[in-house]
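The values are calculated or read from the model by the stated rules, or taken from the named source; none is laboratory data. Keep in mind that what you see is a predicted model, and the values were worked out from it rather than measured. Note: ideal-geometry Cβ built from the backbone for every residue, glycine included; neighbour counts use all protein chains shown. With ligands, DNA and RNA removed, areas are computed over all heavy atoms of the protein, side chains included. Shrake-Rupley method; radii C 1.70, N 1.55, O 1.52, S 1.80 Å.
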Amino acid sequence: MTSNEIDTGRLPRHIAIIMDGNGRWAKRHGLPRVAGHEAGARSVRAAVEACREIGIEALSLYAFSTENWRRSKREVEALFRLLGKYIALELDNIHKEDIRVTIMGRREGLSKRVLGDLTHCEELTARNKSMVLNVAINYGGRAEIADAAKAIAAEVQAGRLALSDIDEACVAKHLYVADLPDPDLLIRTSGELRLSNFMLWQVSYAEIVVTRVLWPDFRKRHLHRAIAEFQSRRRRFGGR
Ligand code: FPP
(Lines give C-alpha, C1' and ligand atoms only; values in the text may rest on other atoms or scores of the structure.)
Protein backbone atom coordinates (compact mmCIF):
# COMPACT_ATOMS: atom_id res chain seq x y z
CA MET A 1 0.00 0.00 0.00
CA THR A 2 1.25 3.53 -0.81
CA SER A 3 0.57 6.88 0.83
CA ASN A 4 -1.61 7.79 -2.21
CA GLU A 5 -4.29 5.43 -0.93
CA ILE A 6 -4.63 7.35 2.33
CA ASP A 7 -7.22 10.09 2.80
CA THR A 8 -4.98 13.01 3.76
CA GLY A 9 -8.00 14.95 4.98
CA ARG A 10 -8.63 12.45 7.82
CA LEU A 11 -5.22 11.67 9.21
CA PRO A 12 -4.61 10.73 12.84
CA ARG A 13 -2.92 13.72 14.49
CA HIS A 14 -0.87 11.53 16.80
CA ILE A 15 0.27 7.93 16.25
CA ALA A 16 1.71 5.85 19.10
CA ILE A 17 3.59 2.62 18.43
CA ILE A 18 4.42 -0.32 20.70
CA MET A 19 7.41 -1.71 18.82
CA ASP A 20 7.31 -5.42 19.61
CA GLY A 21 8.84 -8.59 18.21
CA ASN A 22 12.56 -7.78 17.94
CA GLY A 23 13.52 -10.89 19.93
CA ARG A 24 11.29 -13.21 17.90
CA TRP A 25 12.59 -11.74 14.66
CA ALA A 26 16.17 -12.45 15.77
CA LYS A 27 15.28 -16.01 16.79
CA ARG A 28 13.61 -16.64 13.44
CA HIS A 29 16.79 -15.55 11.69
CA GLY A 30 19.06 -17.52 14.02
CA LEU A 31 20.59 -14.30 15.38
CA PRO A 32 21.22 -12.98 18.91
CA ARG A 33 18.45 -10.81 20.42
CA VAL A 34 20.58 -7.69 20.05
CA ALA A 35 20.55 -8.15 16.26
CA GLY A 36 16.74 -7.91 16.45
CA HIS A 37 16.99 -4.56 18.23
CA GLU A 38 19.51 -3.35 15.65
CA ALA A 39 17.12 -4.26 12.86
CA GLY A 40 14.36 -2.58 14.90
CA ALA A 41 16.28 0.69 14.89
CA ARG A 42 16.08 0.68 11.06
CA SER A 43 12.29 0.37 11.33
CA VAL A 44 12.28 3.43 13.61
CA ARG A 45 13.85 5.41 10.77
CA ALA A 46 11.19 4.14 8.32
CA ALA A 47 8.34 5.03 10.70
CA VAL A 48 9.68 8.54 11.37
CA GLU A 49 10.15 9.20 7.65
CA ALA A 50 6.71 7.90 6.77
CA CYS A 51 4.98 10.05 9.41
CA ARG A 52 6.92 13.16 8.38
CA GLU A 53 6.07 12.57 4.68
CA ILE A 54 2.35 12.16 5.30
CA GLY A 55 2.12 15.10 7.71
CA ILE A 56 1.43 13.36 11.03
CA GLU A 57 1.77 15.88 13.91
CA ALA A 58 3.23 13.53 16.51
CA LEU A 59 4.71 10.04 16.68
CA SER A 60 5.26 8.35 20.06
CA LEU A 61 7.53 5.30 20.25
CA TYR A 62 7.84 2.88 23.18
CA ALA A 63 11.62 2.36 23.26
CA PHE A 64 12.29 1.27 26.86
CA SER A 65 9.78 0.55 29.61
CA THR A 66 10.28 0.64 33.38
CA GLU A 67 9.84 -3.17 33.19
CA ASN A 68 12.61 -3.60 30.60
CA TRP A 69 15.26 -3.26 33.36
CA ARG A 70 14.42 -6.89 34.20
CA ARG A 71 16.15 -8.06 31.00
CA SER A 72 19.76 -9.23 31.11
CA LYS A 73 22.39 -6.58 31.79
CA ARG A 74 23.83 -7.34 28.39
CA GLU A 75 20.54 -6.67 26.58
CA VAL A 76 19.83 -3.48 28.56
CA GLU A 77 23.30 -2.14 27.77
CA ALA A 78 22.86 -3.04 24.11
CA LEU A 79 19.53 -1.19 23.96
CA PHE A 80 21.04 2.01 25.39
CA ARG A 81 24.09 1.66 23.14
CA LEU A 82 21.74 1.41 20.16
CA LEU A 83 19.83 4.46 21.28
CA GLY A 84 23.10 6.42 21.42
CA LYS A 85 24.05 5.15 17.97
CA TYR A 86 20.63 6.07 16.57
CA ILE A 87 20.97 9.60 17.96
CA ALA A 88 24.50 9.96 16.56
CA LEU A 89 23.36 8.80 13.11
CA GLU A 90 19.93 10.38 12.85
CA LEU A 91 19.80 13.55 14.94
CA ASP A 92 21.16 15.88 12.22
CA ASN A 93 18.61 14.61 9.77
CA ILE A 94 15.78 14.79 12.31
CA HIS A 95 16.73 18.41 13.00
CA LYS A 96 16.95 19.20 9.27
CA GLU A 97 13.47 17.73 8.83
CA ASP A 98 12.23 20.26 11.42
CA ILE A 99 11.22 17.49 13.87
CA ARG A 100 11.07 18.28 17.61
CA VAL A 101 12.25 15.45 19.89
CA THR A 102 10.61 15.00 23.28
CA ILE A 103 11.50 12.34 25.83
CA MET A 104 8.79 10.77 27.95
CA GLY A 105 9.72 8.84 31.10
CA ARG A 106 11.50 8.93 34.45
CA ARG A 107 14.87 10.61 34.24
CA GLU A 108 16.09 9.01 37.50
CA GLY A 109 17.84 5.74 36.82
CA LEU A 110 19.30 6.80 33.46
CA SER A 111 23.06 7.14 33.16
CA LYS A 112 24.70 10.56 32.86
CA ARG A 113 25.70 9.81 29.29
CA VAL A 114 22.19 8.80 28.21
CA LEU A 115 20.70 11.82 30.01
CA GLY A 116 23.20 14.09 28.27
CA ASP A 117 22.34 12.63 24.84
CA LEU A 118 18.60 12.96 25.44
CA THR A 119 18.84 16.53 26.74
CA HIS A 120 20.94 17.45 23.71
CA CYS A 121 18.23 16.05 21.37
CA GLU A 122 15.51 18.01 23.16
CA GLU A 123 17.46 21.27 23.28
CA LEU A 124 18.70 21.16 19.70
CA THR A 125 15.26 20.50 18.26
CA ALA A 126 13.15 22.50 20.76
CA ARG A 127 11.99 25.10 18.24
CA ASN A 128 11.19 22.70 15.39
CA LYS A 129 7.61 22.76 14.19
CA SER A 130 6.86 20.15 11.52
CA MET A 131 6.44 17.07 13.71
CA VAL A 132 7.06 15.82 17.24
CA LEU A 133 9.00 12.59 17.78
CA ASN A 134 8.17 11.56 21.34
CA VAL A 135 10.34 8.72 22.60
CA ALA A 136 9.31 6.78 25.72
CA ILE A 137 12.41 5.81 27.70
CA ASN A 138 12.32 4.41 31.23
CA TYR A 139 8.57 4.87 30.78
CA GLY A 140 5.59 3.30 32.53
CA GLY A 141 2.01 4.51 32.19
CA ARG A 142 1.17 3.89 35.85
CA ALA A 143 4.41 5.55 36.98
CA GLU A 144 3.50 8.56 34.82
CA ILE A 145 0.07 8.91 36.44
CA ALA A 146 1.59 8.43 39.93
CA ASP A 147 4.23 11.09 39.17
CA ALA A 148 1.51 13.48 37.96
CA ALA A 149 -0.46 12.87 41.18
CA LYS A 150 2.66 13.61 43.22
CA ALA A 151 3.35 16.85 41.31
CA ILE A 152 -0.27 17.97 41.74
CA ALA A 153 -0.23 17.16 45.47
CA ALA A 154 2.97 19.20 45.87
CA GLU A 155 1.29 22.20 44.22
CA VAL A 156 -1.76 21.85 46.48
CA GLN A 157 0.53 21.61 49.53
CA ALA A 158 2.38 24.75 48.44
CA GLY A 159 -0.92 26.58 48.08
CA ARG A 160 -0.51 27.13 44.33
CA LEU A 161 -3.45 24.89 43.40
CA ALA A 162 -6.86 24.37 45.02
CA LEU A 163 -8.47 20.92 45.27
CA SER A 164 -11.30 22.21 43.10
CA ASP A 165 -8.76 22.93 40.31
CA ILE A 166 -8.01 19.21 39.90
CA ASP A 167 -9.80 17.90 36.85
CA GLU A 168 -8.85 15.84 33.78
CA ALA A 169 -7.18 18.82 32.08
CA CYS A 170 -5.10 19.43 35.20
CA VAL A 171 -3.91 15.80 35.31
CA ALA A 172 -3.11 15.88 31.57
CA LYS A 173 -1.04 19.03 32.10
CA HIS A 174 1.12 17.21 34.67
CA LEU A 175 1.99 14.19 32.49
CA TYR A 176 5.60 13.87 31.27
CA VAL A 177 4.88 15.57 27.92
CA ALA A 178 1.98 17.92 28.34
CA ASP A 179 1.53 19.66 25.01
CA LEU A 180 0.68 16.76 22.69
CA PRO A 181 -2.78 15.81 21.49
CA ASP A 182 -3.82 12.32 22.68
CA PRO A 183 -2.89 9.53 20.25
CA ASP A 184 -5.74 8.79 17.81
CA LEU A 185 -4.10 5.61 16.60
CA LEU A 186 -2.14 3.05 18.62
CA ILE A 187 -0.23 0.46 16.62
CA ARG A 188 1.23 -2.70 18.14
CA THR A 189 3.40 -5.03 16.13
CA SER A 190 3.94 -8.80 16.49
CA GLY A 191 0.31 -9.68 17.15
CA GLU A 192 0.19 -9.26 20.94
CA LEU A 193 -3.10 -7.86 22.27
CA ARG A 194 -1.81 -5.87 25.25
CA LEU A 195 -1.22 -2.24 26.21
CA SER A 196 1.87 -3.14 28.28
CA ASN A 197 1.58 -0.03 30.46
CA PHE A 198 1.94 2.37 27.48
CA MET A 199 0.34 5.84 27.65
CA LEU A 200 -2.55 4.51 29.75
CA TRP A 201 -4.05 7.96 30.33
CA GLN A 202 -3.60 9.20 26.76
CA VAL A 203 -4.88 6.20 24.74
CA SER A 204 -8.36 6.21 26.31
CA TYR A 205 -10.06 6.84 22.95
CA ALA A 206 -7.33 5.71 20.56
CA GLU A 207 -8.16 3.26 17.80
CA ILE A 208 -5.96 0.19 18.25
CA VAL A 209 -4.45 -1.56 15.25
CA VAL A 210 -2.49 -4.75 15.88
CA THR A 211 -0.40 -6.19 13.07
CA ARG A 212 1.30 -9.58 13.07
CA VAL A 213 4.36 -8.04 11.40
CA LEU A 214 7.40 -8.13 13.72
CA TRP A 215 8.85 -4.69 14.41
CA PRO A 216 12.12 -5.22 12.45
CA ASP A 217 10.00 -5.99 9.34
CA PHE A 218 7.78 -2.92 9.79
CA ARG A 219 8.06 -0.55 6.83
CA LYS A 220 6.22 2.47 5.41
CA ARG A 221 3.58 0.32 3.72
CA HIS A 222 2.62 -1.20 7.09
CA LEU A 223 2.17 2.27 8.56
CA HIS A 224 0.03 3.29 5.57
CA ARG A 225 -2.06 0.14 6.03
CA ALA A 226 -2.60 0.91 9.73
CA ILE A 227 -3.71 4.46 8.86
CA ALA A 228 -6.12 3.09 6.23
CA GLU A 229 -7.56 0.72 8.87
CA PHE A 230 -7.90 3.69 11.26
CA GLN A 231 -9.75 5.62 8.55
CA SER A 232 -12.17 2.74 8.03
CA ARG A 233 -13.31 2.91 11.68
CA ARG A 234 -16.14 5.05 13.02
CA ARG A 235 -14.98 6.83 16.16
CA ARG A 236 -17.72 7.49 18.69
CA PHE A 237 -15.90 8.70 21.81
CA GLY A 238 -18.60 7.11 23.97
CA GLY A 239 -21.43 8.76 22.02
CA ARG A 240 -23.82 7.04 19.62
C1 FPP B 1 10.40 -5.13 21.88
O2 FPP B 1 10.86 -6.31 21.31
C3 FPP B 1 11.29 -4.00 21.67
C4 FPP B 1 11.98 -3.35 22.64
C5 FPP B 1 11.91 -3.71 24.06
C6 FPP B 1 12.90 -2.22 22.37
C7 FPP B 1 12.61 -1.35 21.19
C8 FPP B 1 13.90 -0.77 20.75
C9 FPP B 1 14.28 -0.53 19.47
C10 FPP B 1 13.39 -0.71 18.33
C11 FPP B 1 15.68 -0.12 19.15
C12 FPP B 1 16.14 1.25 19.43
C13 FPP B 1 15.12 2.32 19.65
C14 FPP B 1 15.22 3.58 19.17
C15 FPP B 1 14.17 4.61 19.51
C16 FPP B 1 16.28 3.99 18.25
P17 FPP B 1 11.11 -7.59 22.24
O18 FPP B 1 12.57 -7.65 22.54
O19 FPP B 1 10.22 -7.53 23.43
O20 FPP B 1 10.68 -8.76 21.27
P21 FPP B 1 10.09 -10.19 21.65
O22 FPP B 1 8.79 -9.95 22.36
O23 FPP B 1 9.94 -10.85 20.34
O24 FPP B 1 11.13 -10.84 22.52
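Observations, loosely collected:
- Charge dipole (Cα centre; +1 on Lys/Arg Cβ, -1 on Asp/Glu Cβ; no other charges) of the chain amounts to roughly 840 debye.
- For residue 71, the amide hydrogen comes within under 5 Å of no other amide hydrogen, counting only partners 5 or more places away or on other chains and with H modelled in the peptide plane.
- Whole-percent carbon and sulfur share, accessible surface of the chain, 1.4 Å: 50 percent
- Rolling a 1.4 Å probe across all protein chains gives residue 69 an accessible area of roughly 100 Å².
- Packing rank of 179-185, 146-152, 124-130, where each peptide gets the mean count of other beta carbons within 10 Å, highest leading: 179-185, 146-152, 124-130
- Among residues other than residue 190 with Cβ under 13 Å from its Cβ, the summed charge is +3 (Lys and Arg +1, Asp and Glu -1).
- Largest to smallest in accessible area, the residues 223, 82, 193 fall in the order 193, 82, 223 (1.4 Å probe, all protein chains included).
- Phi-based couplings in Hz for region 75-92 (Karplus 6.51, -1.76, 1.60; Gly and Pro marked x): 5, 4, 4, 5, 5, 6, 4, 5, 4, x, 5, 4, 4, 4, 7, 10, 4, 4
- Entry comment: accessible area of the chain is 54 Å² per residue, from protein heavy atoms only and a probe of 1.4 Å.
- In region 1-128, a dipole from Cβ-located charges (positive for Lys and Arg, negative for Asp and Glu) runs towards its positive end, and of 80, 44, 55 it is 80 whose Cα lies farthest in that direction.
- Amide proton proximity set for residue 13, modelled H, under 5 Å, gap of 5+: 184
- Here is the list for region 151-240: GluC sites (Glu not before Pro) lying in DSSP coil, each with at most 13 other C-beta atoms within 10 angstrom of its C-beta, are 192.
- The Cα center of region 102-150 and the Cα center of region 1-41 differ in position by 21 Å.
- When the charge dipole of region 183-222 is built from unit charges on Cβ atoms (+1 for Lys and Arg, -1 for Asp and Glu) and taken about the Cα centre, the candidate among 196, 185, 218 whose Cα reaches farthest toward its positive end is 218.
- Most to least packed among 136-143, 105-112 [average Cβ atoms within 10 Å]: 136-143, 105-112
- Of the residues 35, 158, 209, the one whose Cα sits farthest towards the positive end of the charge dipole of the chain is 35 (charges of +1 on Lys and Arg Cβ, -1 on Asp and Glu Cβ, taken about the Cα centre).
- Amide H within-cut-off set for residue 100, under 5 Å, with H built and near neighbours excluded: 130, 131, 132, 133
- Only Lys, Arg (+1) and Asp, Glu (-1) charged, at Cβ; region 48-112 dipole about Cα centre in debye: 520 debye
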